[in-house]
1. Restricting to the stretch 175-206, and then to whatever is open to solvent by 10 Å² or more (accessible area, probe 1.4 Å) and part of a strand (DSSP E or B), can you tell me which residue is farthest from SER83 (Cα to Cα)?
2. Select from the stretch 87-108 the residues that are of a type outside the set (Gly, Ala, Ser) and open to solvent by less than 10 Å² (accessible area, probe 1.4 Å) and write down the one among them that is nearest to SER256 (Cα to Cα).
3. Filter the stretch 28-50 down to residues that are out of contact with any helix residue (DSSP H, G or I) (no Cβ under 6 Å at 6 or more places or on another chain), part of a helix (DSSP H, G or I) and hydrophobic (A, V, I, L, M, F, W, C) and give me whichever is modelled with the highest pLDDT.
4. Those residues that are modelled with pLDDT under 85 and of a type in the set (Asp, Glu), I need them from the stretch 99-115; list them, please.
5. When only residues in the stretch 148-174 that are open to solvent by less than 70 Å² (accessible area, probe 1.4 Å) and at pLDDT below 85 count, which is farthest from SER105 (Cα to Cα)?
6. Can you tell me how many residues within the stretch 212-223 are modelled with pLDDT under 90 and either open to solvent by 20 Å² or more (accessible area, probe 1.4 Å) or in a strand (DSSP E or B) (or both)?
7. Mind listing whichever residues of the stretch 272-294 are of a type in the set (A, V, I, L, M) and either surrounded by 15 or more Cβ atoms within 10 Å (Cβ to Cβ) or in a helix (DSSP H, G or I) (or both)?
8. Residues to consider are LYS245, LYS226; find the one that is touching a Leu at 6+ places or on another chain (Cβ under 9 Å) and open to solvent by 10 Å² or more (accessible area, probe 1.4 Å).
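The values are calculated or read from the model by the stated rules, or taken from the named source; none is laboratory data. Small disclaimer: the values here were computed from a predicted structure and weren't measured. Here the Cβ is made from the backbone with ideal geometry for all residues, glycine too, and neighbour counts use every protein chain on show. These accessible areas exclude ligands, DNA and RNA; they are computed on the full protein's heavy atoms, side chains included. Shrake-Rupley method; radii C 1.70, N 1.55, O 1.52, S 1.80 Å.
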Amino acid sequence: MASTDESVSLLLSMGFDKKSSQRALEISGGNVERAVEYLLSGNTINMDGTTANTNFGVTNNSSQSSLLVQSDISQYSNPLGRSACTAIALKLAYNSIGQLGDGASPESVIDATLLSRSITDGINFYRELSENNSSGLEHSSVEDILVACTGKDNGIISSLSLLPNSPRQGILSNTSANQHMGLEALLTQCQMDSSESYIAVVITKTPETVLAIIPTHSAASNTNAKFILIDSHPRPQQLAPHFPKGSYALFHPTLSSLVASLREIFPLTELGDGVPELMQMMYNSFDVYPFQPG
């Protein structure tokens, strides 16, 4: 891996400003390729050091959400947590989906205490995984974590069951040709593939991972059903009017309003007409891991 100065110089040569380049490298753990993906997603750094997203073409329907639950801490509250979002998302799924499967309401299960506890659990979990990781990669995928959990008594394997035909790959796109691989299409299919009340869907678009808790098709008709985005990243410049400054859970009344929030934090990356279609698809790909109670 190139030194920090060399990496910053490389990003500067691509036309990114210094502060945004430094922040992107910090978030990506010094990985230049991931830093470029982060910057191309429209993220820049304000004068006060907060992150802003310059993809203004996204329609923001997060105001349709009925409830914001927020914790004062995020994955960045602990220096070890900056790359721990996938481990945190799995711990959030583990700490919530079992109770929801037992009939508890989402509002009674997903609160600030659960967010804070899951972040602490997830960072500790990530640290344990890192100590046993010989690959040198700072970001672990869901597959890496599930393999590492095999045969260990940490609750993840026994409590969470991955739905068949998973993981599922999707593409962010404005064209009708790829709508069957879009966020709403994949989440709808996940709803139909489980008979449980709720499923936990881990969504990864490099370098970030979030969790969505969604009712299955049979439960979605319930007027009290909620579609919940749970995120260990602060979004102080996104998701108006909430602008969460810590980790948060955003409750939505419909799948479409949840997808609108997901599209805001995972915006379509427009690389220009001269970029090959395959590369466009690569930069806009995401992975979906739907879990039901084990």
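1. Checking each candidate, the answer is TYR198.
2. At the first step, the residues of the stretch 87-108 found to be of a type outside the set (Gly, Ala, Ser) are 88, 90-92, 94-95, 97, 99-100, 102, 106-107.
Restricting the remaining residues to those that are open to solvent by less than 10 Å² (accessible area, probe 1.4 Å) gives 88, 90, 92, 97, 100, 106.
Details: ILE88: 25, LEU90: 24, LEU92: 22, ILE97: 21, LEU100: 21, PRO106: 18 Å.
The extreme case among them is PRO106.
3. Of the stretch 28-50, the ones out of contact with any helix residue (DSSP H, G or I) (no Cβ under 6 Å at 6 or more places or on another chain) are 29-31, 33-34, 36-37, 40-43, 46-50.
Narrowing further to those that are part of a helix (DSSP H, G or I): 33-34, 36-37, 40.
Retained after the next criterion (residues that are hydrophobic (A, V, I, L, M, F, W, C)): 36, 40.
Working: VAL36: 71, LEU40: 61.
Filtering first and then ranking leaves VAL36.
4. Passing the criteria: only ASP102.
5. Going through the stretch 148-174, the residues open to solvent by less than 70 Å² (accessible area, probe 1.4 Å) turn out to be 148-149, 154-156, 159-163, 166-168, 170-173.
So of that shortlist, the ones also at pLDDT below 85 come out as 148-149, 154-156, 159, 173.
Numbers: ALA148: 32, CYS149: 29, ASN154: 25, GLY155: 22, ILE156: 22, SER159: 19, SER173: 34 Å.
Per the stated criteria, the residue is SER173.
6. At the first step, the residues of the stretch 212-223 found to be modelled with pLDDT under 90 are 216-223.
Right, trim to either open to solvent by 20 Å² or more (accessible area, probe 1.4 Å) or in a strand (DSSP E or B) (or both) and you get 217-223.
So the count comes out to 7.
7. Taking the stretch 272-294 as the starting set, the residues that turn out to be of a type in the set (A, V, I, L, M) are 275, 278-279, 281-282, 288.
Within the stretch 272-294, LEU278, MET279, MET281, MET282, VAL288 meet the criteria.
8. Details: LYS245 fails: touching a Leu at 6+ places or on another chain (Cβ under 9 Å).
The match here is LYS226.
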